[in-house]
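Colleague: The structure under discussion is supplied below as structure tokens; questions concerning it will follow.
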Amino acid sequence: MIRRRNAILLALGLIAPLALVDAPAGAIDQDLVVSTAAGPPGTAITVSSASCEDPVDENAIIEASLYVGTAPDQQIAAYGSGYQGSVVLTVPDWVDPDQPAVIEASCYFFTEEGNDDFLEYDPVAFDIEPGIGAPVQVRTFSRTELLAGQGLIVNGSCGPDLANSFVTAAVFEGTDQTGKELTGIAGQGWAEADGDGAFELNLIVNDAFVGFGIEGEDEQVLDIVTEEVPMSIEPGDYTAFVYCSTNDEESLLFLEPQPLVITGTAPTGDIDLVNEADTRNVTLSGTCEAGEVTGGFESYSFAELRSGLVASGGDAVDPHNRFEAAVAAATPALPDGRPAHVVRAGDADRILSDQSFVDIAAAPDADGAWQVDEATDFDEGIVMATAFCGDPFADGFAYDPQGVSVQVPEPTTTVPTVPTTVPPAPPANAVQGTPDYAG
């Protein structure tokens with residue numbers, strides 16, 4: 001099977017994709033086949049390689065992208081990857097037919113022995129022909145300049161052919177709109193398109209998260225680890241990618257990438273969640289000068305964690321998809337390597353079944369200070385909190401998520417000490433005799 005770590009590092013461009021000297025001879029050939037060299041929007045392009053196919057052991061991955069325009073303004077339009085030796089790229093309708101287009105593909109081949117191989121196929125030119133009617137696969141951003149910690153709203157459409165598809169938006173550092181170098185992820189959001197392909201997506205630009213790991217044996221908690229990672233986004237130029245996943249989940253149709261400018265940083269760290277030692281009581285407090293404070297507490301007892309109601313954060317995404325892997329890589333494990341369930345800054349509206357979720361509502365004092373007190377109904381578990389100061393899609397912002405463990409020790413039973421009772425001495429035996437009296 002493919003080694004997950006190598007796949008993610010390759011996907012992120014963090015290790016050089018070089019063929020080793022002892023790579024299997026002839027493992028990958030320059031045999032790329034493109035089903036068509038021209039077509040209007042909606043054209044499905046099958047990109048295949050007979051030598052880059054391994055559906056059984058999943059050790060060979062073909063990856064292909066459709067790019068439009070010329071550097072430095074080149075943009076990604078479609079992407080696909082998979083183990084079947086072929087992928088399908090669909091031409092979106094927002095692309096300019098007067099601009100040049102090219103298909104670029106590569107193959108990664110992994111072996112258990114570490115003899116990994118890599119090949120970039122020769123680029124193939126593609127002629128985008130004019131479409132019929134106005135484009136529908138478009139998107140609008142509520143704003144393109146904002147503070148780190150704030151949010152924006154993306155409205156758009158994947159088109160009727162991608163009705164009910166899953167939509168992802170991710171913000172990365174830099175101005176590259178090809179997605180070839182995905183580094184410095186600064187936020188992400190998700191939505192589901194409706195029956196016509198339309199969607200509205202909330203995107204919070206905040207890379208802070210809180211994660212937890214837990215160890216237990218039978219019903220006994222051995223250790224609970226909670227880690228809060230604050231926001232680290234610097235002002236500068238960023239790019240937002242919005243893409244719709246096709247039904248096979250191996251192909252992504254991109255809407256036009258959008259440049260963003262982060263103009264400064266909101267005070268997202270002005271918040272703290274603490275647990276009163278050896279009790280069920282938790283207190284969330286902070287400062288806010290942009291309006292009311294809203295959000296939610298999310299809590300999990302140790303019993304819920306053991307029953308599998310919470311999925312660990314790292315293994316839910318197939319790492320062979322470069323874009324999905326880049327988003328997943330923003331969910332690191334805890335310092336000791338254990339997988340972490342992760343809550344992010346934009347998750348306050350997420351309510352899942354069989355989990356305790358309590359809304360947060362607080363009115364700050366005149367100096368901006370606010371506080372919310374809660375208590376768990378369990379003795380062992382974790383509590384996480386996500387909160388917003390005012391409206392994050394206007395002048396407010398999303399606080400850094402908070403997390404804390406709750407571990408109430410079992411009461412100790414004291415056995416009362418019973419003093420030792422000393423039996424009284426037996427009475428003396430009477431002595432027979434004749435008493436003498438004076439007088």
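FYI, it's all coordinate maths here, none of it is from the lab. What you are looking at is a predicted structure, and each value in this text was computed from that prediction instead of being measured.
Colleague: Taking amide hydrogens as modeled 1.01 Å from N in the peptide plane, which residues meet the under 5 Å criterion relative to Asp207, leaving out close sequence neighbours?
Modeller: For Asp207, whose amide H was placed from the backbone, the distant partners under 5 Å are Ser232, Ile233.
Colleague: Mind listing the long-range amide H neighbours of Ala186? Cut-off is under 5 Å, sequence gap 5 or more, other chains count too, H placed in the peptide plane at 1.01 Å from N.
Modeller: Val171, Phe172, Glu173
Colleague: In whole Hz, with x marking every Gly and Pro, tabulate ³J(HN,Hα) for the stretch 382-395 from phi via Karplus 6.51 cos²θ - 1.76 cosθ + 1.60, θ = phi - 60°.
Modeller: With coefficients 6.51, -1.76 and 1.60, one gets 9, 10, 10, 9, 10, 8, 10, 9, x, 9, x, 9, 10, 9 Hz.
Colleague: List every residue whose amide H lies under 5 Å from the amide H of Ala148, counting only residues 5 or more places away in sequence or on a different chain, with H placed 1.01 Å from N in the peptide plane.
Modeller: Long-range HN contacts for Ala148: Thr263, Gly264, Thr265, Ala266.
Colleague: Taking θ = phi - 60°, what integer Hz values does the Karplus form 6.51 cos²θ - 1.76 cosθ + 1.60 yield along the stretch 124-139, in sequence order, with x for Gly and Pro?
Modeller: Ordered by residue, 3J(HN,Hα) equals 10, 5, 10, 9, 7, 8, x, x, 10, x, 6, x, 10, 8, 10, 8 Hz.
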